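The values are calculated or read from the model by the stated rules, or taken from the named source; none is laboratory data. The shown structure was predicted, so the numbers you read here are calculated from the model rather than taken from an experiment. Ideal geometry is used to build each Cβ from the backbone, glycine not excepted, and the neighbour counts take in all protein chains shown.
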Amino acid sequence: MTVPIIFSQSHKLGAVAMAGRIMVSTGGLACHSASMAKQFPALESHHHRFIAAQHMFFTASAAPTGHVNVSPRSTDMFRVLGDNAVLYLDRTGSGNETAAHLKADSRLTIMFCAVEGPPLIMRLYGQGRVIHRASDEYRHLLATLFDGNAPLGARQMVRLDFDLVQTSCGYGVPLFDYKDERPQMDDWARAKGVDGIEAYWREKNQVSLDGFPTGLFEES
């Protein structure tokens, strides 16, 4: 699996289009020997290649008070919009903490870490916002970035505009081999059906652990 990247004309990464997807080589990326961490104002070409090779990412968010949330996610619904913006299509989960936190405080961090190949950790620091399912922006992005197809149970999109990229070596991250995507998410959604999923949203996804509203049924 690779992450589709939207390139401007200035991006010349040696990408090869295959079956309508962008397959990007990850060669040439290594830790900085002179420093365990390095900061960048935007993604550079080797960062794009690194993201394209990942199968998983993590989001970290918090409201001004209450619990801090960290969530793992598959990159199958992740899109790179440019050198300072990324987006992912968010599927139904047991909670909706990220949306609640972004409504209360827009700080969001996304982290990738290599579990195969050369070690590396990458964090994107910035301001996030939720794009609601009922909005014109959601429909436009779904059409342009996801071929108009949302998996059953898609509940919103999350966009991150960031001004800091930090990489570090990730020597302490274990090595794993990617096997496949889990089928349980699709199985659960099919079993619930459209009406069952909406009922689940209303019961489980409208407030956070700390009682903050998620805004799930807002139109914009």
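Take the conditions (1) farther than 30 Å from Asp83 by Cβ; (2) in contact (Cβ under 8 Å) with a residue 60 or more places away in the chain; Arg202 misses just one of them, which is (2). Summed over the range 80-136, residues that are of a type in the set (Asp, Glu) and more than 27 Å from Lys38 (Cα to Cα) total 3. Close Cβ contacts (under 6 Å, 6 or more residues apart or on different chains) running from residues in the range 131-144 that are of a type in the set (Lys, Arg) to residues that are part of a helix (DSSP H, G or I) are absent. Just the residues that are out of contact with any helix residue (DSSP H, G or I) (no Cβ under 9 Å at 6 or more places or on another chain) and small (Gly, Ala, Ser), please, taken from the range 136-178. Once the filter is applied, which keeps residues that are out of contact with any helix residue (DSSP H, G or I) (no Cβ under 9 Å at 6 or more places or on another chain) and small (Gly, Ala, Ser), the range 136-178 yields Ala143, Ser168, Gly170, Gly172.
Scanning the range 142-179 for residues that are under 28 Å from Ile121 (Cα atoms), of a type in the set (Gly, Ala, Ser) and not in a strand (DSSP E or B) yields Gly170, Gly172.
For residues in the range 53-108 being of a type in the set (Asp, Glu) and within 14 Å of the chain's Cα centre (by Cα), which is farthest from Leu175 (Cα to Cα)? The residue in question is Asp90.
Applying the criterion of at least 2 residues that are at pLDDT 95 or above, of a type outside the set (Lys, Arg) and at negative phi to the strands (runs of 3 or more DSSP E) found wholly in the range 15-125 leaves 37-40, 56-62, 68-74, 78-80, 85-91, 107-113.
Evaluate the following for Gly82: is it surrounded by fewer than 19 Cβ atoms within 10 Å (Cβ to Cβ) and over 17 Å from Ser208 (Cβ atoms)? Criteria met by Gly82. Looking only at residues that are among the hydrophobic types (A, V, I, L, M, F, W, C) and either under 19 Å from the mean Cα position of the chain (by Cα) or assigned to a helix (DSSP H, G or I) (or both) in the range 180-214, which one is farthest from Thr92 (Cα to Cα)? Selected residue: Ala191.
So that you can scan it fast, the table gives a plain yes or no per residue for (1) among the charged types (D, E, K, R); (2) under 11 Å from Phe112 (Cα atoms); (3) touching a Phe, Trp or Tyr at 6+ places or on another chain (Cβ under 7 Å):
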residue	(1), (2), (3)
Leu43	no, no, no
His46	no, no, no
Arg49	yes, no, no
Ala53	no, yes, no
Thr59	no, yes, no
Pro64	no, no, no
Asn69	no, no, no
Arg73	yes, yes, yes
Gly82	no, no, no
